Structure formats: structure tokens, C-alpha cells
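S.K.: Provided herewith is a single structure, encoded as C-alpha cells, for subsequent inquiry.
The values are calculated or read from the model by the stated rules, or taken from the named source; none is laboratory data. Computed from a predicted model, the values in this text were never measured in an experiment. Cβ placement follows ideal geometry from the backbone for every residue including glycine, while neighbour counts extend to all protein chains displayed. Surface accessibility is based on the protein's heavy atoms, side chains included, excluding ligands, DNA and RNA. Shrake-Rupley method; radii C 1.70, N 1.55, O 1.52, S 1.80 Å.
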Amino acid sequence: MSKTIEYNIKNINTLDTPALVIYQSGVKRNIEKLVASIDDVTRLRPHIKTHKTKEVTKLLQQAGIQKFKCATIAETELLASCQAQDVLLAYQPVAKKLLRFIEIIKTFPDTKLSCLVDALPVAEEMSKIASENDITLSVYIDLNVGMNRTGISPENAFDLILSLQKTPSLKIEGLHIYDGHIHDADIEIRKQKCNEYYPKVELLVAKLENEGIQNLNIVAGGTPTYPIHSQRETIECSPGTFVYWDKGYQNLFQEQDFEPSALVISRVISLPDKDKICLDLGHKSIAAENPLERRVFFLNAPNATFIGQSEEHLILGVSENHSYKIGDIFYGLPIHICPTCALYERAYIVEHENLTGEEWKIIARDRKISI
């Protein structure tokens with residue numbers, strides 16, 4: 001792991017806490033590492049769920065990445081407003097969400113926009129709305145390969161795809177695979193699990209080719225399975241967490257050497273007991289889906305124990321002879337950075353151990369930007 005001293009911020013007293021800070025040089029290096037890890041940059045379709053910002057999107061574009069994946073309408077609009085060439089909404093939009101998606105397509109005609117579908121009734125509604133708006137809607141078939149969250153199994157997708165081929169105002173672009181259930185620490189186990197389901201996808205592709213349905217694009221995986229899918233020369237890969245990285249992935253996926261580049265900064269606000277301190281890092285300021293002791297790792301207090309957390313407070317256990325004072329700074333490495341980012345409206349940028357004064361707005365944390 002990077003040395004603690006690299007995360008020091010000399011002008012930290014200018015920052016109100018809790019705060020999210022981004023080390024821009026680390027983000028740039030992470031992007032460079034991703035691009036260098038694959039044979040063709042056009043096979044990269046990173047997910048923007050982690051950062052949700054225009055600034056990181058532009059850094060990715062500058063590195064030659066022109067395809068993106070997202071999960072919300074706001075993220076879709078953000079990417080289109082950044083003039084992204086190709087955007088996949090990795091979600092099956094229904095009801096109002098479908099109407100908003102259509103509106104984005106009409107508003108940003110220079111961006112190729114597509115979405116997921118896994119059921120014929122939804123596809124028929126998509127066809128109806130697309131026809132009413134005089135557009136052709138591009139779709140990816142969402143395949144369920146074991147996560148059991150959304151999608152249709154590869155074994156059952158053949159008939160759906162044949163039906164969609166006959167559905168007006170829809171164009172099948174390809175297949176989407178998210179294997180988020182595969183997150184074993186051992187990469188060989190991850191590889192084995194990927195290789196267990198992927199032949200089913202290949203069989204589906206072969207059956208479709210026999211029916212004349214060819215050249216389907218395949219978008220597969222997230223960060224945990226990226227090292228496996230990046231070796232499949234014909235598919236696109238969709239890592240997301242790599243841009244900021246976090247303590248959870250750093251511990252689990254040690255074969256990937258991305259740098260933790262986003263921290264939460266907190267201060268001691270009270271000394272309630274001789275062996276306890278209170279920080280201003282409540283569960284409104286750090287992803288709280290994990291058990292208390294697995295929400296944040298303090299780089300400058302690695303041995304502190306976690307006692308309790310409420311909306312605005314975090315109680316830590318420390319030794320009785322500690323030297324902590326009210327106002328002391330704690331540098332926290334989030335265990336899960338993606339939902340942590342969504343808790344902040346802005347991030348403060350650090351370069352050369354100083355806050356630069358620049359702020360990155362987490363624009364797509366909102367459910368609605370304008371559309």
C-alpha cells in the first residue's frame with residue numbers, strides 16, 4: 001500500500017470536515033494503468049458509478065476511452081453532456097425512467113445511447129414509445145449468469161432475442177453480462193467461476209449466428225473479473241472502482257495495483273472517556289452497508305477499534321495513554337468508495353500534498369440533473 005506520508009495534506013486546516021478528497025495524480029495513474037492493461041483501448045467501457053463526475057469522465061476521454069457504462073438516468077445525462085460517443089445504461093428503464101431515457105436520446109443526438117432489456121413485455125413498451133418518438137432504440141440483452149439480480153439466463157435468452165428481432169423500432173446491439181457475485185480474493189477461483197458460465201454465453205452466440213444474428217457486442221464484468229475478461233479479445237470490459245480504488249478492493253484483489261486516490265477526512269470533536277474518542281464521521285458520511293469495523297480504515301490510526309456510529313458521530317476505542325486532542329485530523333480510506341462518493345456533493349482536490357482550491361461536483365449523485 002502507498003505510504004501514509006503521501007496522503008498528508010499540508011493545508012488541511014482550510015478544510016471543513018467530514019470531507020471527501022481526491023488525489024488527482026493518483027486518479028490519472030489509475031487510468032493509465034487500466035489503459036496499459038488491455039490490448040485495445042476501444043474494448044474499455046468503464047462504469048461511472050464510482051465517481052459520477054464530469055472531471056473524471058474528461059480524464060478518461062483524454063486517455064482515449066470513448067465508451068461508457070452507467071446505471072442511472074442522471075449518469076446517462078452527465079455522460080451525454082460530456083459528448084461521450086457511446087453510452088450504455090446498464091439498467092432496464094420502465095415507466096417514467098423510459099420516458100426520461102428517450103428524452104436524453106432526443107436531446108443528445110451525437111451520443112450513441114443504449115439500454116438493457118430482459119423481458120418481452122418491457123421490449124414491447126420500449127418499441128411503442130420509441131415509435132411514438134420516431135426513433136430506433138438500441139438495446140443490449142441483460143444476461144443473468146449467476147448474480148440473480150436482473151436479466152435472463154443464457155439458456156432462455158435465445159427465444160427472447162428472436163422475438164426482439166421482429167419488434168419494430170428496436171435494434172439489438174449485443175449482450176450484457178454482470179458477474180458481480182464473483183468476488184473471491186483468489187483470482188484463480190474467480191477465473192474458474194467465469195469459465196464455468198462463459199461457455200453458455202458462447203453457445204448462445206453460436207445459435208444466434210446460425211439464425212443470421214451476427215456481430216453482437218458483448219459487454220462483461222466489473223472490477224473483480226476485469227483481469228479475466230480483459231483476456232477475451234472480442235469483448236468489452238466495464239471496471240469502475242479502479243479510478244479511485246478503496247481499501248476493500250485493495251485487500252481482496254491484490255493482483256490489481258491501482259492506487260487508493262479518494263479519502264474521507266475527519267476530525268476528533270470530543271473525548272468522551274479516557275479510552276474513547278469521537279469523530280465527525282457518521283454514517284451519513286461513509287458507506288454504511290458493511291459492519292461497523294469494515295466501513296473505513298484510518299491510515300494514521302490503524303489500531304483504533306470501532307465502538308459505535310450514528311448519523312454524525314463515530315466512536316473509536318483507543319489506548320488510555322493516547323495523545324489525541326480535539327481537532328486532530330484522521331485520514332480515512334473507505335472500504336467501499338462507490339456509495340461513499342454518493343454521500344458528498346463535492347470532492348476537494350489534492351496535488352503535491354496541498355488542497356488546490358479546485359472542487360469536483362458529484363453531479364450524478366442526484367436523481368435528476370435536468371431531464
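S.K.: If we scan the range 13-26, do we find a residue that is farther than 28 Å from Glu312 by Cβ and crowded, with 17+ Cβ neighbours inside 10 Å?
M.R.: Checking the range 13-26: at least one residue is farther than 28 Å from Glu312 by Cβ and crowded, with 17+ Cβ neighbours inside 10 Å.
S.K.: Would you pick out the residues in the range 324-368 that are modelled with pLDDT of 95 or more, over 19 Å from Gln24 (Cα atoms) and over 16 Å from the mean Cα position of the chain (by Cα)?
M.R.: Of everything in the range 324-368, those that are modelled with pLDDT of 95 or more, over 19 Å from Gln24 (Cα atoms) and over 16 Å from the mean Cα position of the chain (by Cα) turn out to be Tyr324, Lys325, Ile326, Gly327, Asp328, Ile329, Phe330.
Residue by residue, here is whether (1) farther than 30 Å from Ser319 by Cα; (2) under 17 Å from the mean Cα position of the chain (by Cα) holds:
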| position | (1), (2) |
| --- | --- |
| Tyr198 | yes, no |
| Gly222 | yes, yes |
| Thr225 | yes, yes |
| Ile235 | yes, no |
| Ser238 | yes, yes |
| Gly248 | no, yes |
| Glu259 | yes, yes |
| Arg267 | no, no |
| Ser270 | no, no |
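S.K.: Select, from Ile277, Ile371, Ile307, Ile315, the only residue that is touching a residue at least 60 places away in the same chain (Cβ under 8 Å) and surrounded by 15 or more Cβ atoms within 10 Å (Cβ to Cβ).
M.R.: Answer to the selection: Ile371.
S.K.: What is the one condition in (1) part of a helix (DSSP H, G or I); (2) under 20 Å from Pro224 (Cα atoms); (3) among the aliphatic types (A, V, I, L, M); (4) touching a strand residue (DSSP E or B) at 6+ places or on another chain (Cβ under 9 Å) that Ile38 does not satisfy?
M.R.: (1)
S.K.: Let me ask something else about it. Please determine whether any residue of the range 34-56 is more than 21 Å from Glu236 (Cα to Cα), touching a residue at least 12 places away in the same chain (Cβ under 8 Å) and open to solvent by 20 Å² or more (accessible area, probe 1.4 Å).
M.R.: yes
S.K.: Let me ask something else. Only residues that are under 17 Å from Ile235 (Cβ atoms) and hydrophobic (A, V, I, L, M, F, W, C): list them for the range 182-212, please.
M.R.: Ile182, Cys194, Val201, Leu203, Leu204, Val205, Ala206, Leu208
S.K.: Among what's in the range 80-112 and is in contact (Cβ under 8 Å) with a residue 60 or more places away in the chain and touching a strand residue (DSSP E or B) at 6+ places or on another chain (Cβ under 7 Å), pick the residue that is farthest from Asn133 (Cα to Cα).
M.R.: Top of the filtered list is Ala90.
S.K.: Checking Asp179 against (1) of a type in the set (D, E, K, R); (2) touching a residue at least 40 places away in the same chain (Cβ under 8 Å); (3) open to solvent by 30 Å² or more (accessible area, probe 1.4 Å), which test does it fail?
M.R.: (3)
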